[in-house]
């Protein structure tokens with residue numbers, strides 16, 4: 001089985017590389033940005049030496065981060081700080097702030113870049129902003145929507161009509177119509193739903209069920225569960241391989257990462273023996289190195305994807321959560 005996985009992944013690297021933009025081919029990521037949610041700081045790590053070069057105060061409870069649609073600015077959402085810090089995505093230097101973004105635990109742009117959605121984890125609401133597609137940082141609050149207990153992660157339909165949000169302590173998914181800013185429906189999930197991922201062509205929603213040991217496959221058009229993909233305890237968050245076919249899921253309690261085939265809806269491999277609490281992940285542009293934050297170990301793990309083995313760990317701050325570097329493998 002390990003040999004089959006290795007052969008599979010070797011083939012996939014060539015496919016993933018062919019999907020990358022030509023102007024990014026000559027670039028290599030130099031700095032990894034790690035959010036230390038328990039220390040209100042971020043760590044900057046030199047990609048080559050794998051050493052922390054700087055630790056910077058950033059704001060209270062920085063959990064998630066993402067680049068603006070134009071690729072020029074990295075957003076760091078400070079959930080308890082009620083703002084978003086703006087960073088240079090290549091160097092990690094702080095360039096500004098967007099104030100009065102209340103409780104931005106998880107954030108996301110709709111695919112057409114017209115909407116910016118923030119899940120308010122502690123306030124049990126989802127905020128819908130109109131976004132300026134030219135830069136992504138000019139945000140105007142349209143509506144704050146009460147949704148249920150502990151809204152967590154976000155996914156969108158490709159037509160930008162619907163946003164989905166997991167409600168961790170309600171054990172539900174909420175579907176929100178972006179144009180009218182109304183809740184279309186809710187449906188029950190397994191215990192403590194967290195990460196969300198939409199499979200190609202908007203076929204199914206994958207939900208990491210952190211309170212159990214599986215990924216729930218949701219036929220969202222009919223609001224029903226299709227199947228459960230058993231991964232390991234604490235199935236939590238997703239990172240696609242970049243081939244439009246496979247996606248990683250972190251298993252926070254089991255301290256492992258599983259690789260899923262989105263076409264067959266089956267698990268095809270596991271990365272085991274990780275330090276405690278694997279959470280968010282980022283993938284090198286060539287698809288060969290997977291970085292993962294280890295929330296309970298105060299470390300970041302670097303994994304060799306072809307062998308599915310941990311290469312090294314890097315000490316960072318308390319409760320590391322978000323991880324980012326540019327360029328990386330496609331988010332497809």
Contact order relative to length of the range 13-153, as percent, for alpha carbon pairs under 8 angstrom and 6 or more apart
14
Alpha carbon centre of the range 151-201 versus the range 40-86: separation in Å?
25
Give me the percent relative contact order of the chain, please, defined on Cα pairs under 8 angstrom at least 6 residues apart.
14
Which of (1) 157; (2) 115; (3) 219 is the computed volume of the Cα convex hull per residue in Å³ for the structure on display?
(2)
By counting other Cβ atoms within 10 Å of each Cβ, how are 67, 247 ranked from fewest to most?
67, 247
With a 10 Å Cβ neighbour count serving as the proxy for reagent exposure, in which order, fewest first, do 331, 197 appear?
331, 197
With contacts defined as alpha carbon pairs under 8 Å and 6 or more residues apart, what's the relative contact order of the range 237-310 in percent?
23
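Read-outs: derived from the displayed coordinates by stated rules, not from any lab. Keep in mind it's a predicted model, so treat the numbers as computed, not measured. Every residue, glycine among them, receives a Cβ derived from its backbone with ideal geometry; neighbour counts consider all protein chains shown.
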